[in-house]
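Please read the structure below before turning to the comments.
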Amino acid sequence: ETGLDARTTPEPLLSMLIELGEHEAIFRYPVKSMSGERLEGAELGWHGIRGDRRLAFRRTDDRGGFPWLSAGRLPDLVRFSRMRRGPGGNEELPTHVRTPEGAELDLFGPELAADVERRHGAPVEMMQLKHGTFDEASPSVISSTTVREICRLAGQGPDVRRFRPNVVIRSLAAIPFEEDRWVGGVLSFGPGADAPAISVTTRDVRCSMVNLDPDSPASAPEVLKTIVKLNQNNAGVYGTVVRGGRLSAGQMVLLAPAASWKE
């Protein structure tokens with residue numbers, strides 16, 4: 001296995017930790033582009049938050065490198081919500097989906113596929129993957145300060161769900177786009193050498209998904225325009241997991257800056 005622990009972590013990394021703030025919220029999106037779920041706790045594995053984006057509709061007539069149906073092509077997807085009925089099985093994944101009109105359909109049933117196909121105008125099928133269907137990387141992290149500033153200037157309510165993060169951080173510095181400074185460093189969730197940790201790899205380049213109201217078909221193009229104007233179309237960051245463990249809302253978040261990795 002790989003990861004950080006007291007035996008393998010460079011001494012500068014342990015001595016140069018900076019307290020960033022608090023782990024404010026955790027989100028998981030079992031079905032790509034459908035509504036997510038806010039969690040008090042979740043397991044962070046080598047491929048991100050367990051159960052995150054493990055399901056997606058595949059466009060069966062697409063032979064390209066990314067056949068997954070997203071809300072960029074079908075905005076109505078954000079209004080579908082996952083459900084779970086009955087005990088047993090993988091409790092991190094849904095068994096049913098509730099449509100925007102309130103119908104509760106089996107996740108892999110023909111009725112759900114037909115409903116989405118009707119809206120999309122082309123055939124689709126639900127698929128389950130072992131490691132998730134990601135546009136860029138996993139997991140995604142953003143600060144609540146960044147969300148508030150973007151939404152304020154865009155004239156929208158500060159709804160973090162627009163940004164579909166896995167991890168939301170309440171930063172002590174409270175500086176918009178502070179996340180850019182974390183690239184190259186490592187975020188630890190909780191004190192101690194065994195705390196879950198994410199290596200921050202890249203800034204999150206945004207698309208029109210941020211324009212979509214999570215509760216309605218309404219689109220607010222000014223959200224993406226604001227991100228482009230303020231920060232070259234970047235808001236939040238992506239990372240890779242370097243140590244798994246339990247994420248919990250309220251955890252202290254620490255940063256080992258990129259410089260601390262230099263020998």
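Structure above, values below:
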item	result
Filtered residues of the stretch 16-33 (kept if more than 12 Å from the chain's Cα centre (by Cα) and open to solvent by less than 30 Å² (accessible area, probe 1.4 Å))	LEU20, GLY21, HIS23
Residues (of a type outside the set (A, V, I, L, M), assigned to a helix (DSSP H, G or I), out of contact with any helix residue (DSSP H, G or I) (no Cβ under 8 Å at 6 or more places or on another chain) and open to solvent by 40 Å² or more (accessible area, probe 1.4 Å)) located in the stretch 94-132	PRO110, GLU111, GLU117, ARG118, HIS120
The stretch 150-163, residues that are open to solvent by 50 Å² or more (accessible area, probe 1.4 Å) and in contact (Cβ under 8 Å) with a residue 60 or more places away in the chain	LEU153, GLY155, GLN156, ARG161
Hits in the stretch 226-256 (condition: touching a helix residue (DSSP H, G or I) at 6+ places or on another chain (Cβ under 8 Å) and over 24 Å from ILE150 (Cβ atoms))	ALA256
Every residue from the stretch 36-54 that is out of contact with any Lys or Arg (no Cβ under 7 Å at 6 or more places or on another chain) and touching a residue at least 40 places away in the same chain (Cβ under 8 Å)	GLU40, LEU44, GLY45, TRP46, HIS47, GLY48, ARG50, ARG54
Extreme residue, surrounded by the most Cβ atoms within 10 Å (Cβ to Cβ), among residues of the stretch 164-218 that are modelled with pLDDT of 95 or more, polar (S, T, N, Q) and farther than 17 Å from ILE18 by Cα	ASN166
Whichever residue in the stretch 227-263 is over 27 Å from PHE80 (Cβ atoms) and part of a helix (DSSP H, G or I) and, among such residues, is modelled with the lowest pLDDT	TRP261
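The values are calculated or read from the model by the stated rules, or taken from the named source; none is laboratory data. Computed from a predicted model, the values in this text were never measured in an experiment. Heads up, the Cβs are rebuilt from the backbone with ideal geometry, glycines too, and the neighbour counts pull from every protein chain shown. Calculation scope for accessible area: heavy atoms of the full protein, side chains included, ligands and nucleic acids excluded. Shrake-Rupley method; radii C 1.70, N 1.55, O 1.52, S 1.80 Å.
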